[in-house]
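Visitor: Dropping the structure in here first, questions after.
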Amino acid sequence: MTTRFSRFCSYRLAAARITSLLLVAAGASAQEKSAAEQTTPTPPAHKIQLENNRPVSDAWKAFSELPIWEDGLSEMSYYDATCRLYDKTRRFTRVHLMNRQYMHPIHHVKAKKDDEAVLPAFKFVIAEEVPTENYNYRFLTTAFLERPSLRPMKVSASSQEWCGHTFKILDWERRKEFPPKDWSLDIACYSYFGDEGDRWFPLTGRSFVDAYECLFLYARAVVASGGEERPMHLLNSLRSNHMPDPNPLDATLRVQGTSRNVTVPLGTVSATRVVLEWAGGPAWFDVETAPPHRLLAFRAGDVDAKLKFVERRAYWNRNEPSGFYKPGQAP
């Protein structure tokens, strides 16, 4: 009896050891998989460009083709900014982040390593945290633009404050029921406001509709091109905690005057002013005349901003701290 019990205990101990080893191996495998998923994949060699009948000159492509965008880092620009909330002027730091990206040409998501084809793009992010009396407003906007044409692919915007949040997404895609020359735009909004709720506004068969959030890159492209104008059907800004206006307006982005020196917290720099002519709110952009044509100052709706710091770094790498925010103090 004792021998049988001893053998039983030995079997249980051996089984426990095997189970433990299997769990350790599974954990290690999961960690390896997680690490692999966090690693930016090497884009496949086969890059494509989507057909687009919108005329795009070689001059317009100059900004997108600057060599600086190929270093794999992100351009991070920090602005002293003001806006109006609750009928008061609020001061805050606005951050622009931009880097190259490779996108899936159909699903408009980040390309995977084994994708057969990828679409070269810019990822442009606007991050804002605006203090008010009782809580902060947070706005986050992400735009993906095809390179080198700067054709918008997808723009999403979210707002968060203690009453609730709103999410909007613009997605440009080709639909089978329309001719190849026409592009459709889907506008979806998910709002907590009772008279808004979930809404969808398809702009089917409408070509050349641009997002307001792309203006911050378009203005730089105008200067890089030597002053080429940008005619558009332009949507109003998504920067709000309310449902967007789905009706685009005719607009033109063009250079105003000649280059001059402008002084911002970053310093005094030669700049070219680009203005937006349309029936919407006022907008102008002071762009560095020389490459890489940094956006030095701007007014866009009720937002005024002046550049105070720029850095290029891999912000997704936790071992590369910011030169602007101290560790643990970024918003």
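The values are calculated or read from the model by the stated rules, or taken from the named source; none is laboratory data. Values in this document were obtained by computation on a predicted structure and should not be read as measured data. Ideal geometry is used to build each Cβ from the backbone, glycine not excepted, and the neighbour counts take in all protein chains shown.
Visitor: Can you name every residue in the range 111-142 that is surrounded by 17 or more Cβ atoms within 10 Å (Cβ to Cβ) and either of a type in the set (Ser, Thr, Tyr) or over 21 Å from Tyr325 (Cα atoms) (or both)?
Guide: The answer is Ala111, Asp115, Val118, Leu119, Pro120, Ala121, Phe122, Lys123, Tyr137, Thr141, Thr142.
Visitor: Could you tell me which of the residues Ala121, Ala143 is under 15 Å from the mean Cα position of the chain (by Cα), over 21 Å from Phe285 (Cα atoms), among the aliphatic types (A, V, I, L, M) and part of a strand (DSSP E or B)?
Guide: Ala121
Visitor: Counting only residues that are surrounded by fewer than 16 Cβ atoms within 10 Å (Cβ to Cβ) and over 21 Å from Gly323 (Cα atoms), which one in the range 260-279 is nearest to the chain's Cα centre (by Cα)?
Guide: Among residues in the range 260-279 that are surrounded by fewer than 16 Cβ atoms within 10 Å (Cβ to Cβ) and over 21 Å from Gly323 (Cα atoms), the one nearest to the chain's Cα centre (by Cα) is Glu277.
Visitor: List pairs: first residue in the range 108-137 and modelled with pLDDT of 90 or more, second residue loosely packed, with under 15 Cβ neighbours inside 10 Å and aromatic (Phe, Trp, Tyr) anywhere in the structure, Cβ distance under 7 angstrom, at least six positions apart or on different chains.
Guide: Between residues of the range 108-137 that are modelled with pLDDT of 90 or more and residues that are loosely packed, with under 15 Cβ neighbours inside 10 Å and aromatic (Phe, Trp, Tyr), the close pairs are Thr132/Tyr86; Tyr135/Trp162.
Visitor: Report, ordered by the first and then the second residue, all pairs with beta carbons closer than 6 Å, sequence separation of six or more or different chains, a first member in the range 227-248 that is buried (at least 16 other Cβ atoms within 10 Å of the Cβ), and a second member that is at pLDDT below 90 and assigned to a loop (DSSP other than H, G, I, E, B).
Guide: That search, which allows pairs on different chains as well, returns His233/Phe208; Asn236/Asp245; Leu238/Pro244; Met243/Glu196.
Visitor: Right, here's the next one. I'd like the full set of residues that are more than 20 Å from the chain's Cα centre (by Cα) and hydrophobic (A, V, I, L, M, F, W, C), limited to the range 76-115.
Guide: Passing the criteria: Cys83, Leu85.
Visitor: Going by what's in this entry, would Glu288 be described as surrounded by fewer than 15 Cβ atoms within 10 Å (Cβ to Cβ) and of a type in the set (Asp, Glu)?
Guide: Against the criterion (surrounded by fewer than 15 Cβ atoms within 10 Å (Cβ to Cβ) and of a type in the set (Asp, Glu)), Glu288 does not qualify.
Visitor: Out of the strands (runs of 3 or more DSSP E) lying entirely within the range 224-307, which hold 2 or more residues that are hydroxyl-bearing (Ser, Thr, Tyr)?
Guide: Ranges flagged: 249-264, 267-278.
Visitor: Would you check if there is a residue in the range 292-311 being more than 27 Å from Asn247 (Cβ to Cβ), among the aromatic types (Phe, Trp, Tyr) and at pLDDT below 95?
Guide: The answer is no; no qualifying residue exists.
Visitor: Count, please, the residues in the range 308-331 that happen to be of a type in the set (A, V, I, L, M) and assigned to a loop (DSSP other than H, G, I, E, B).
Guide: Adding up the residues that qualify gives 2.
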